[in-house]
1. Determine which member of the set Gly153, Gly186, Gly193 is at pLDDT below 90 and on the phi > 0 side of the Ramachandran plot.
2. Suppose the filter is surrounded by fewer than 16 Cβ atoms within 10 Å (Cβ to Cβ) and closer than 30 Å to Arg77 by Cβ; does Val165 pass it?
3. Looking at Ala288, Ala296, Ala251, which one is without any contact (Cβ under 8 Å) to a residue 40 or more places away in the chain, within 28 Å of Tyr145 (Cβ to Cβ) and of a type in the set (A, V, I, L, M)?
4. Show me the helices (runs of 4 or more DSSP H) entirely contained within the range 17-120 in which 1 or more residues are hydroxyl-bearing (Ser, Thr, Tyr), buried (at least 17 other Cβ atoms within 10 Å of the Cβ) and in contact (Cβ under 8 Å) with a residue 60 or more places away in the chain.
5. What's the total number of residues in the range 72-106 that are touching an Asp or Glu at 6+ places or on another chain (Cβ under 7 Å) and over 17 Å from Thr241 (Cβ atoms)?
6. Would you pick out the residues in the range 177-196 that are of a type outside the set (Gly, Ala, Ser), touching a Ser or Thr at 6+ places or on another chain (Cβ under 8 Å) and open to solvent by 20 Å² or more (accessible area, probe 1.4 Å)?
Amino acid sequence: MQAQAAAQHAARKSLAPGLALATFGAIAFSGKAIIVKLAYRHGVDAVTLIMLRMLFALPLFAVMAWWAGRGKPPLTRRDWLGVLGLGFSGYYLSSFLDFAGLAYITASLERLILYLNPTLVLLFGWIAYRRRITRWQLAGMAVSYSGVLLVFGHEVSLGQSAAAVWGAFLVFLSAVSYAIYLVASGEFVKRLGSLRLVGLATSVACLLCIAQFLLLRPMSAAFEVAPEVIWLSVLNATLCTAVPVLAVMMAIERIGPAMAAQTGMVGPLSTILMGVLLLGEPFTAWIAAGTVLVIAGIFVFTRTGR
């Protein structure tokens with residue numbers, strides 16, 4: 001009995017910091033959209049903005065990859081090809097499409113679209129591996145997508161129809177690109193470990209974003225941005241990119257992936273709240289209803305998918 005009580009006490013002791021880390025990670029990830037929208041107010045474009053973010057994040061992810069790879073066998077040619085492909089899809093392409101889409105839609109709609117990611121992972125898993133989809137999962141997907149369509153319809157009705165459609169399409173493609181990364185990364189996570197894979201793949205993405213800037217913009221453009229953009233990019237690279245990656249991984253070690261995913265539901269809510277407070281975005285009954293539908297649908301989806 002004493003051993004059982006001690007085990008329960010230890011579990012409760014690790015639960016609180018695990019939940020705190022998962023909550024912090026979800027909120028920090030969500031803050032990325034707010035920072036991007038604030039930076040756009042200073043006249044910067046997506047190519048320059050994502051380059052600055054990745055430039056400041058590169059040393060952090062390189063150290064992460066080195067730390068996780070200590071004492072491990074070197075990567076094979078197949079491993080490197082996998083890391084390059086995953087870095088391109090999961091972090092370079094998805095990030096660029098997300099940044100580009102945020103120029104046209106609100107941070108609230110962007111977060112709700114990205115929150116559909118588990119449904120896309122399931123869909124691609126069914127296409128690639130014929131993994132079964134239950135009726136409850138289909139119902140959860142239907143509820144979540146109806147919530148996104150509700151908020152999307154509200155933005156279109158505000159008179160920005162063409163811009164809203166284009167922005168939502170870009171962000172949805174971002175979610176698709178990241179879902180492809182998640183589906184394809186399973187084998188490499190087992191071979192390399194999650195922290196090492198994330199560090200390597202994100203480092204690849206950082207280099208691709210920097211190369212994209214050098215191909216499309218003159219070097220002088222990097223020094224012509226407002227000082228506020230530089231500081232926002234530093235904040236984005238650290239607090240909203242590298243730090244939450246570590247926080248969520250530490251949370252998963254303490255409370256498991258299922259509970260960490262459930263805690264991540266605070267993400268859309270925190271984005272909406274920060275959008276209202278920091279960006280002056282409207283909060284209407286349509287947005288509230290759409291958010292409730294998305295979160296409820298994902299909750300049903302994840303609960304029945306175990």
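The values are calculated or read from the model by the stated rules, or taken from the named source; none is laboratory data. Keep in mind that this is a model prediction, so the values were computed, not measured. A quick note on method: Cβ atoms are made from the backbone with ideal geometry, for glycine too, and the neighbour counts reach across all protein chains shown. Just the protein is used for accessible areas: all its heavy atoms, side chains included, with ligands, DNA and RNA removed. Shrake-Rupley method; radii C 1.70, N 1.55, O 1.52, S 1.80 Å.
1. Going through Gly153, Gly186, Gly193 in turn, just one is at pLDDT below 90 and on the phi > 0 side of the Ramachandran plot: Gly193.
2. The answer is no for Val165.
3. Ala288 is the lone residue from the list that is without any contact (Cβ under 8 Å) to a residue 40 or more places away in the chain, within 28 Å of Tyr145 (Cβ to Cβ) and of a type in the set (A, V, I, L, M).
4. 46-68, 94-101, 107-114
5. Residues meeting the conditions: 3.
6. Tyr178, Ile180 - these are the residues of the range 177-196 that are of a type outside the set (Gly, Ala, Ser), touching a Ser or Thr at 6+ places or on another chain (Cβ under 8 Å) and open to solvent by 20 Å² or more (accessible area, probe 1.4 Å).
Residue by residue, here is whether (1) under 20 Å from Phe99 (Cβ atoms); (2) of a type in the set (S, T, N, Q); (3) modelled with pLDDT under 90; (4) not in a helix (DSSP H, G or I) holds:
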| site | (1), (2), (3), (4) |
| --- | --- |
| Gly199 | no, no, no, no |
| Ser203 | yes, yes, no, no |
| Val225 | yes, no, no, yes |
| Gly256 | no, no, yes, no |
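Condition check ((1) modelled with pLDDT under 85; (2) part of a helix (DSSP H, G or I)) across all residues:
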residue: Leu232; (1), (2): no, yes
residue: Cys240; (1), (2): no, yes
residue: Ala260; (1), (2): yes, yes
residue: Pro282; (1), (2): yes, no
residue: Leu293; (1), (2): no, yes
